[in-house]
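Novice: Handing you this structure, nothing more for now.
The values are calculated or read from the model by the stated rules, or taken from the named source; none is laboratory data. Model, not experiment: these values are computed from the prediction. Note that each Cβ is placed from the backbone with ideal geometry, even for glycine, and that neighbours are counted across all protein chains shown. All accessible areas refer to the heavy atoms of the entire protein, side chains included, with ligands and DNA or RNA removed. Shrake-Rupley method; radii C 1.70, N 1.55, O 1.52, S 1.80 Å.
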Amino acid sequence: MTTKTSIMQSYKIFIFLSATLIGCQTKDTNTPQTINTEISLDTVTDFENRKEKIIDSTATVDTKNTHKLLLTSNALQLAHRKTGSTIEIPFGKPIDQMIEITNTALQSKPSSIGINKECGAGPLKMVSWNNGLTVVFQQNKSQIANSETDWKFAGWYMSINSGNAQKVLTMAGISIGSSRAEMESAYVITVSQTSLGYEFSTSSGLYGIFEGPEKEAKITSLWSGLSCNFR
């Protein structure tokens, strides 16, 4: 009886271990795979959550660039490079998320981060990239004593870029270096001469400066939202 009992106990242990091993193998087989970033994205949250890591250590940032950044009034946009579908990045986005999104889209990290305390709207944090883009952030006045995350996306400014950095355009193809004729063919604008130069604006809130009054005059600055221009 003792021998039979021992055999039965050993058999039960063998069955238990076998079931455990099979369970572990099944779990490993079903481990989720890397999310395919070619899926059409509908929101900025999708863009943040579905970024695909790349192994190439020579890359400037560690995420695959599936979208390009676009300029628009009172926001920025992401456009899928294959499908053309767009995602709006509205004002109010927290600074850490905004920098990460922009880094990924531009495949570049900021060249400078600083605070301008002399702006009419109060202190503004400026995060600039070497392609001429500066993203502007404003801190909630009721939360000034709180953390860095209180800074929110409040505007953008585009100036002449350095070198061969990736240029950022509007959906209509307008950017720094576009002519007045090109701008007027894409948008209805109002032009006036101010202390900044030949300043133009659209009814939707897109602003800029021409280098002169001629149709061939180039755009030297573009912005939307809060800015720190002194007239």
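Novice: One residue is enough: does segment 108-118 have a residue meeting the conditions assigned to a loop (DSSP other than H, G, I, E, B), buried (at least 17 other Cβ atoms within 10 Å of the Cβ), without any contact (Cβ under 8 Å) to a residue 24 or more places away in the chain and under 24 Å from the mean Cα position of the chain (by Cα)?
Specialist: Yes, segment 108-118 contains at least one residue that is assigned to a loop (DSSP other than H, G, I, E, B), buried (at least 17 other Cβ atoms within 10 Å of the Cβ), without any contact (Cβ under 8 Å) to a residue 24 or more places away in the chain and under 24 Å from the mean Cα position of the chain (by Cα).
Novice: With respect to the numbered conditions (1) buried (at least 19 other Cβ atoms within 10 Å of the Cβ); (2) under 15 Å from residue 153 (Cα atoms), which one is the sole condition not fulfilled by residue 105?
Specialist: All conditions are met except number (2).
Novice: Okay, next question. Considering only segment 177-231, state which residues are in contact (Cβ under 8 Å) with a residue 60 or more places away in the chain and either open to solvent by less than 60 Å² (accessible area, probe 1.4 Å) or within 24 Å of residue 165 (Cα to Cα) (or both).
Specialist: 202, 205, 206, 220, 221, 222, 223, 224, 225, 226, 227, 228
Novice: Of the numbered conditions (1) surrounded by fewer than 19 Cβ atoms within 10 Å (Cβ to Cβ); (2) closer than 24 Å to residue 186 by Cα; (3) modelled with pLDDT of 90 or more, residue 161 satisfies every one except a single condition; which is it?
Specialist: Residue 161 satisfies all of (1) surrounded by fewer than 19 Cβ atoms within 10 Å (Cβ to Cβ); (2) closer than 24 Å to residue 186 by Cα; (3) modelled with pLDDT of 90 or more except (3).
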